[in-house]
Every structure is written in C-alpha cells, then in structure tokens.
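This report refers to the structure that appears directly beneath it.
The values are calculated or read from the model by the stated rules, or taken from the named source; none is laboratory data. Nothing here was measured: the structure is a model prediction, and the numbers come from that model. Note that each Cβ is placed from the backbone with ideal geometry, even for glycine, and that neighbours are counted across all protein chains shown. In case anyone asks, the SASA skips ligands and DNA or RNA and just uses the protein heavy atoms, side chains included. Shrake-Rupley method; radii C 1.70, N 1.55, O 1.52, S 1.80 Å.
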Amino acid sequence: SFIYEKSLRISSWSLSGGEMTVGQITNHINVDAGIIQWFFIWQYFVWAAPYQIIVILILLYLKLGVASLVGAFIIFITTPLSYKIAKKMSMQLNKVLSISDVRLKKSNELIQGVKLLKLYGWEDLFTSSVEKVRSREVSEIMKAGVYMIATSFIAQAVPVVITFISFAVYASTNPTPLTPVIVFSSLALFNQLIQPMGTVSIVIGFFANSLASVERLRVFFAATEIKDFDCGRPLLSKGFDFNSGGDDAETLLDDPVIDDIEITGNDQDCLITNSSLLYDNGASYGTFNTESTVNQGTTAVPLPDSIALQVNKGHFAWDVDDAIVSLCNIDLMIPKGSLTMVIGLVGSGKSSVLSAILGEMTLISGTVQFNNLWNRISYCPQTAWLHNATIRENIVFGSAFDYKRYHSVLDVCALTPDLNLYAGGDMTEIGEKGINLSGGQKQRISVARAIYSKTDIIVMDDPLSALDVHVGKHLMEQAITGFVSNENRTVILVTHALQYLHHADQVIIMENGKIDKQGNLEEIEEGSDLCREWTGKIKLISDSETEGLSEEEMLHTDQRLLLDEDTEMPEKCMEKNQHRGAAASLIEEEDRERGSVSSRVYLAYGRAIGLRLVTIIMIVYALQCTALIMTNFWLSEWSDAGVDTMNQTKEEIEEQTQYYLNIYAALSFTYVGFVLLAISCQIIFSILAAKHLHKALLWNIFHAPMRFFDTTPTGRILNRFSSDTQMIDQKLWMTFNGLFQYSLQCISAIIVNIVVSPIFLVGIAPLVVLYYMILRYFVSTSRELQRLDNITRSPIYQHFSETLSGLSTIRAYRCEERFRRVLASVLHRHNVVQLFLHLSNRWVGVRLELVGSLFILVSGLGSLLSCVFLNLQPSLVGLALTQALLVSGCLFWTVRFTADCEMQMSAVERVEHYTEIETEQYQGVYNPPGDWPDRGDIQFENVSVRYADDLEAVLYNINIHFKSGQKIGICGRTGSGKSSLALTLLRMIDMYQGRIIIDGVDISSVPLLTLRSRLTIIPQDPTLFEGTIRFNLDPDYLKSDEELWEALEIAQLKISVSELDMQLDAQVSDGGENFSVGQRQLFCLARAFLRNSRIIIMDEVTASIDLKTDETLQYVITNAFADSTVLTIAHRISTIRNSDYIMVLSNGEVVEYDTPENLLKKDDGIFASLVKG
C-alpha cells in the first residue's frame, strides 16, 4: 500500500526520465515487500534462537565441564563470522537486486514493445540483450550462493564439529572415560543445537536480504514527487500518513537546495542561474516529507467567474534537479466556456503546456490559478489510456451512470456503430491498454470519458490525429463544439487539425517552449507568416469541399459514412455478432493447476538441472546420511568401551581412546565433507537450473504470437519474470536443501531405531500412517493456498502496471481514491489467502509435535523392552532415544519443507507452462535470395484473415495486385481493416485462406524472421526503447554515422538531435517519454529509412505531426522511396492524395481501388466523400 501511495504521487519525470521504471517499481512490490515480510515472520528467532543456544550450552557445561566451553568458544567464533558473511551477502544481494531491476525493466520494455520487435524481426536481438543482463545476474547470484554455502555449511557442520572437539577435549583432559550416560545426554543436547543454529543461518539470510530491500525502498520512497499546492484545484487525496515513521525519516534524502536562481532563456531553453524561487533553504521532497516544497507565491486574488484558468509568468521544468526549464514566460488566460486550441510544430511544447496546467510539471516561478468554482478537470491524453475493464466502465470512469447522458455521449463520439458490432455491446471487455481496439476507437473512448464526466474543464491532447476525416469532423462538430459547448464547459485542445481553427475562441501558437502568439484566429493570421502558410495548406486540402455538394448533402454523407458499418452488409454484421458469441471478455482467466504438482514439473526442473547432476546430488546426500549414521554408531561403540575400564592400565585406556577418537574424527570430518559437497552441488546446480528455465521462458514468450499478448495482461507475464523467477533463483534451492537435510535426519533416526530395536517397527507403523495423513492433508491444502496466492498476486501487479501507465489521467481526474480502493480489494483477497497459509502452518505444527512426542514414546518403550528382554546394550538404548528426540523437531521441518517445496514448485509449474505455449511458425521451406524482394511486386489472392480461430474474419477475400514501385494510399473508416492488411503482409495474424505472393514467392514458405527483416513497417503506435538514439535507429550497430544523420535529416530530426548534448548518443528514456509523440513517430520513420527495403508500409505515420512537417515529409518520402513499393495508411487525405492508386476498405473488404483522379470523379464514392469531408 505504501509503495502504491508513493507511485500515485511520483513525478512524471521520475518515470519518463529513467530515474524509476514500471519494472523497477514492480520489483519493489513483488520482491522487496515479500523479503521484508519474510524477515518479520522469522524475526522472532532473532532472540529465541540465541536464547536456546545459551541454555543448551549451560546444560552441556554441567555435563562435560570445561570441554563444553571449547564448543561455546567455537560458537562465539562462528557467530560473528556468520554475521560478517551475512553483511557480505547483503551487499552481494543488493547487486543481484539491482541487476534484477535492470533485467525486469528490459523485460517489461520488451513486453510493451513486443509488436515492434515482431514487425521488425528483432525478437532474437532484444531477447539476447536480456540474456546478457541475466548472465550478469546469475554470475552475481552465484557469488551470493558462495556466501549461502558458507552460511549453511556453518549451520550444519558446526554442531558436529563442536561434538567432536568437545568429546576429544573431554577424553584428553578428564580422567573419567566417556560412558553412555555422558555421551548420549551430551549428544542429545548437541543435536538440539542443530535447529537453532540452522534457524540463525536462515534468519541471517532474511536479515541480509531485508537490509538490501530496505535500502532500495528508501531510495524509492525518497524519489521526487509532483508538487501539489493550492492553485484552486482540489489537492491530491491523502491515502496514508507516511510521516508516522518518525523524525528519522526526514534524513532519507539530503535536502536539495538551489540558491540564487534566476530565469534566463533563449530560443531553445531556459537556464536556472540565480534566484531563490524554487526552494526554501532546508526543504526536502519525497514520501516521508509531505510538506509542499514549491514556492506558492503570494496569495492570489480570486479569478472572476468569467475566467476558468490563468497562468501568469509561468516557468516550468520536468526535472527539478536539472537546470533546463522546458516552458518559459507562459502567460495564459482561458475564459470559461471557451474553446482554446494550442498549435505548433512537433516538439514546440504543446503537450508540455497541458502537463503544466495539470500539475505534472514543476512550477519554477509564476502562478497557476484555477477558478475555485470551475476547477474540475477531465483529460484526454495524446496516447489514449484505457484500463482492463468494459467499454462502459472506461467511459463512466467511476461517475454515476446516467443512461440518457451516456448514450448521448456515445452518439456524439461516433461510438454507437462500433458497439453494435460487439455481442457484448458496451459491456465488451477492453484488453490491457485497449489492445483489442483500433487506435481511433481507443481515442474516441478516451474522449467519451472526458465528455461524460461532469467536469468544468476538458483538456485534450491531439485526440483527432487517430481519426479519419469524417469521424474527426463528427467529433469536433457534435462533441466538442456541440455537446460540450452546450454545457458551457471549457475546452483546451492541442491539435494538428488546423481546418478546425475557425471553431476556436482562442488560438495559441507554441514555439520552442514559449507562446509565440495567442488570440482569436483573425488576430493570429495578421502577424504570422507561419499561420498564413498553414491557412493556405488548409485551403488546398479542402478546395473540393464546395464542389457539387451542399452543406446539407455533406451532412447527410457524414451521417451515412458514420453509420456505414451498421447499414452495409447486414448479413455480415449479424454473422459477426454470432461469431463473437460470448467474446465480450477478452482477457483469459489465469490457468490454475489443481491437485499435487505434477511429476512432469519435477521432471522439468530435474532436466533444467540435468538428470545426471540430480543423480549426483542424491548420491551425495545419501553418503552424507550414511556418514552420520556410522558416526553415531561409532560413538555408541566408543561409549560402550568406556564402561569396562577397571582392568585396563592408563596406557591401554589412552591407546583405546586414541583409537576410537581417530576413527570418530575421520567419520565426523567425512560427514562434514559430504555436507559441504551436498550444499555446494545443491546451490550451484539449482542456480544453473534457474538460468536455463529463465532462458526457455524468455525465448518462448517472445516467440509467441501477438494474440498471446493481446489476451494476457502484462502483470501476469511480469509475474513470471519477477516473483516466479526470484522464487526459483533464491528460495527453491534452500527449500530442497532443508527438505533433504531434515528428511535424511528423520530417515537416519528411523534406521537407527530399527537396527537397535526391531520391535520399534510395530509401534512406528501407526505413527507413519498418522504422519502420512497429516502430511497429505496439509500439503494438499497449502499447495492450493499457494496457487491461490500466486493467482491473487497477479491482479496486484496488473493494477500497479495500469496505474503507472495512466498516472497523468488518474491525477487529472482526481480519482486516486477510487484506484486505492481497487488496490485495497485485490490486496484484501491476497492477504486472506496469505493469512490462511500461515494459519495452516500453525495447524500442522501442533499436530506434528504430538506425532513427535509419540515417536519418542514408542522409541523409548521399544528400547527399554529390548534392553530388558534382549539384553540390549545401554549405549544403543541411549543412541535410539537420542535419535528419537531429534526426530521430534525434524518431523515438523520435514513437513514444512515438503509443503514449501510443493508451493514453490508452483513457480516452476507456472514458468514451465509458459515455456510450452504455442510459438509462431518461424521455420520456412524456402530461403529466398539475399536481395529478395528486389522489385516489390505484391499480389493478394483470395486472402481472408482473422486474429484467432474462434473469431470472425477481419479481411474477406482480398484480391488485389500492387505493382513494383507503386505508391498505394489506403484509407477507410476506423476499424475497416487497414492496419490488419498491413499486419497480414508480415504474417502477424492468421491467414486462413488464400496466399500473398511477393516477387513470385509465397510468403508463407519464407522463414518468418527473413520475411519481417526484408519488409519495413512504420506502425501506428510509435515505439522507442530506453537507450541511445543510435541504438533506437540501428540496434544492430551496422550503420555509419553518416547514414544515421542522413536518415534523421530525411525525417526532419537532424536539427533537433544535433542540438542535444550527446547527439546520436543522447539518451532515450523508457518508451521515449522524453520526446513528444510526433518526434517519436519521426524517429520511427528514420529507423525505417535505414532498413532500405523495397516494400514500405506506413501506418498513420504523420497522424501526430503538424501539416508543415507532413508536407515536407511527403516530398522527401517520394524521393527517398522512389524505387520502393509504398503502402501508406492515413486518415489525412492530403497524405495519400498524390498516391498512384487509392484503395478504400470497408468492413474488411476492398470497396474502391483506382487512381485518385478516377475515384474523385465518382460523386457517390467513399473516397470522394472523404476528400470533400
């Protein structure tokens, strides 16, 4: 809960600037919180175990005298040694966890960008980068394993060594020989040392781990938060009182002090140099200090009712520790009920202005003030954020459901025709991040959410870029200037759709982080060459608007096209609904195995270790057990020899003592050697097995089809890479080690008792049955509880992941409390399962104590009867009773470790399940030449495709031929199948009918990576990875600097990149968040140029780019790809109007295909109506 609370308040820069990542925070939740929890479960033994050791040593002193002090001395030596090892292990585990963070961060990044990896055939390249990090992690785990070997060895070997040395010293210094009375009473006490010594090693391990986790959490909790101050808006709700931690919490982070700050600037940035506007001396930030640290300025005069928002001389920065200010001298006044449009070139600061208004940027100086009466905000981000819920739940978003208002919003957002295609209607579940929706559908749902909420101010970041002309026009006229305007709500809209500027009450032009001009459209046009140039382009685009269609006819055409999918081909729509059936739910329930963990899982883990190595481990443990039994029997023999020494001389007694002592030493140290060998084999082989399992998991997941990622939440996949992997890495080997250690001790005790007194078998039989019943009952219960624990944990990670990706939206709506309640709900379910897990452990503990007591009773009675009736030697009676006393504690731990083994093997089970999911068909039957495709000729022959076998087709009977070198424009309404057509060329979705021929080669026969590496697609959603610009353009590092700069110049990014400090080696943050969406799209375009393919597919490449840049790009693309076949998917008709041919899709079918000139002649054609729209 505390981690989640911190996440809700963490600054946007902390996530986008690389300081924190979603994977890193997930690791805090998953690993660090669990480690600290386990320490507090075991912390009772911090004082209990030393107390037990001290009491046992006192009793030993009473029995052995000075000889026992030698044993105490060894314990006092090994205790600080164990602590020293623990500190070293803590430091090592800190390294492991840091590398684990990097691995998880990379894994998360790959999951987020898996579509791009597959489109470009980069799966092997990027998974190998994760494997390199994993190899470093395993290397550090192996080093930590050495410390764990030392700790476990000390715990198991020290009691045996103490026993040997104590008896050796006693025999050498005490005239009284060792007798069964002395030996076995002392041996019983020495055996009692095993458990507390072992417990101390475990607690030390947990303590070392928890120290590392606390340090990591300390850094996280001290990370920069958004600066929440009184600006007229409701403050972020307070979830938990973090200040209850005490005064020491204030020392978690050094106070950031920025003295003498002054705002200066130029066209590119502003530098903080000398003034005191940001912090007072001694201020701090972070979760443990909730006092506002930002200068709140003087008390502002309340705004008049006619003004909704005012920014006065605002200077804003993303990173408070950086001297660069992103926005300078921002002066804004937004009238209530007005429509304000923010425009400008890519990277000019449009989205930053919205972030500043929302409080996502740090206010360095100036004021931001909302009207106290009109201060509720709804927000529509540039990349639509949807969470895994139904369409209705995403739109209503926690508000009260109003049927009439809801359906009015659906109509004005043009969502009704889309919903009619789903069997579940608006109750259809949206996949994680809206994966099962088109870009336009996601954006319209995001807009519908903003409009439905009864807020006073609606902030929209370029929502029209993902929409086609008609839908965009409908949204502008019916929703923004219609529904919203009628409610007298204030709208701030960032847009590149300049054809709608005449609707604006106020226009703001951004340039280089400053407001270049603001006013109404007439005022802007008067003094701006740029605006006059834009106006000319808008007029050119819409020249044909008045050609032949009246306003009434155009409105009728708009309505017909919006309802197109509802009215055209009714039989097909009915068929779709029938096929969808119960497909309203997209995300599949997580698989849950039932019953005991299959032997197949144990076999899989054995194979990961290596079956020969498993055999070696078992043999070594068997030898260890044999050595222990022989040592105990030899001790019994030695004590018997000490009974009858009356007739022996001193020399004979010394010689006899030396004889027994030598063999006892040999057996003891043989046992110690086998202990070291067994522990070493166990740890090293288990770590290697963890490496092999992770490699198989990584490879299989990222070679799975895209449908797997569509239907599996990111949190569920991350769970495999985080908690399950960590369980296999660090816990499973300990459990097996404990299981072998205690079960072998039980077995050796039973063997000893059977050898000493065969009658023991009669009494032990019912106890074995009772023990088996308890074991079976407990293990089956705890196993299912552990599975429930794993399953109830995944929703926690999923909720965290969704929250972190939608932080700005959640904070804008001020709905943190509702998301906290969701977390509380999933945490409650998880905690209930954990409570039952711990209660079941207490339940079995009580019952096994009873079984252990009965075991001692049976052993004692059997030995006494054998002694009376069979003349059993007293030493053997003592040995049997000593071993029986040992069993009492070992039984409990054997059952516990058996149950833990079953529970933890579920991690192997879950990982192994993901190593068996179906992968894409990567092999091919034909390897084309290295220059294939050399012409770019594409032929679709009766092609029909679908996303899954149980879903209906998204493309029907496509028959079309694109000749080499042609430039093809593809358009159609949102959801018509444009992007699906592009994905079909790269075999991303199932082509169940027909074939595609490229340069005479059937693509189904070509190896998948070869196909995807030879074609180039620029996807609709721009994806960048954390790293350098060079890495994002050329991850193979095959291109020269000259080629990289040429590609950036073509993509209109050369100037922007050359102004960065590191230029090509400048860092790109996670997801490219330190660049605007438009800039990210241009980087993707530059990346495509470098591939030099003969077939280029551009899917809405210029949707988030201003018209001027778009026009320049179209000219450059025409020249750069002159010899290539280019398929351009676009909503902007101006983008594809100069193509050789235009293909119009509707309902998954080609409805028009001809040259633009011929299509424009068809007055009733869809393309003509789109142009005139």
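Pairwise alpha-carbon distances in the stretch 987-1038 exceed 13 Å for 71% of all pairs.
A straight line joining the Cα centroids of the stretch 858-912 and the stretch 1070-1084 runs 64 Å.
Take the Cα pairs of the stretch 371-504, get the Kirkwood Rh, then feed it into Stokes-Einstein at 20 °C and 1.002 mPa s and tell me D in µm²/s. For the chosen part, D equals 144 µm²/s.
Note on N927 and H961: the extension gain reaches 9.9 nm, defined as 0.36 nm multiplied by sequence separation minus the Cα-Cα distance. For the stretch 55-169, the number of Lys pairs with C-alpha atoms closer than 21 Å, counting only pairs eight or more positions apart or on separate chains, is 17. Divide, for the stretch 837-991, the radius of gyration over alpha carbons by 2.2 N^0.38 Å, where N is the residue count. Dividing the Cα Rg of the stretch 837-991 by 2.2 N^0.38 Å gives 2.40. Measuring nothing but how far apart in sequence close Cα pairs (under 8 Å, 6+ apart) lie, relative to its length, the stretch 58-202 scores a relative contact order of 40 percent. Backbone amide hydrogens, once placed in the peptide plane, bring E511 within less than 5 Å of D516, excluding anything fewer than 5 places away on its chain. Taken as Cα centroids, the stretch 61-92 and the stretch 308-373 sit 64 Å apart, rounded to the nearest whole angstrom.
Each principal axis of the Cα cloud of the stretch 678-752 was evaluated for its coordinate range; sorted largest first, these ranges are 59, 20, 16 Å. Taken one residue at a time, the phi angles of the stretch 879-895 give Karplus couplings (6.51, -1.76, 1.60, θ = phi - 60°) of 4, 4, 5, 4, 5, 5, 4, 5, 5, 3, x, 5, 4, 4, 5, 5, 5 Hz. Gly and Pro are set to x. A Förster distance of 56 Å, applied to the separation of the beta-carbon atoms of S1040 and W38, puts the FRET efficiency at 0.60. For the stretch 959-1058, the fraction of C-alpha pairs farther apart than 24 angstrom is 41 percent. Model label points for N871 and V181, set 7 angstrom from Cα along the Cα-to-Cβ axis, are 2.3 nm apart. The fraction of accessible area contributed by carbon and sulfur in the stretch 652-768 is 72 percent, rounded to a whole number (1.4 Å probe; ligands and nucleic acids excluded).
Applying both filters, DSSP loop and at most 13 other Cβ atoms within 10 Å, to the trypsin sites (Lys or Arg not before Pro) of the stretch 461-523 eliminates every site.
When the pairs K691/K731; K336/K517; K404/K454; K442/K1161; K442/K517; K517/K1054 are compared against a 22 Å limit on Cα-Cα distance, K442/K1161; K442/K517; K517/K1054 fall above it.
With θ taken as phi - 60° and the Karplus curve 6.51 cos²θ - 1.76 cosθ + 1.60 applied, the whole-hertz 3J(HN,Hα) list for the stretch 937-942 is 8, 10, 10, 8, 10, 6 Hz, x standing for glycine and proline.
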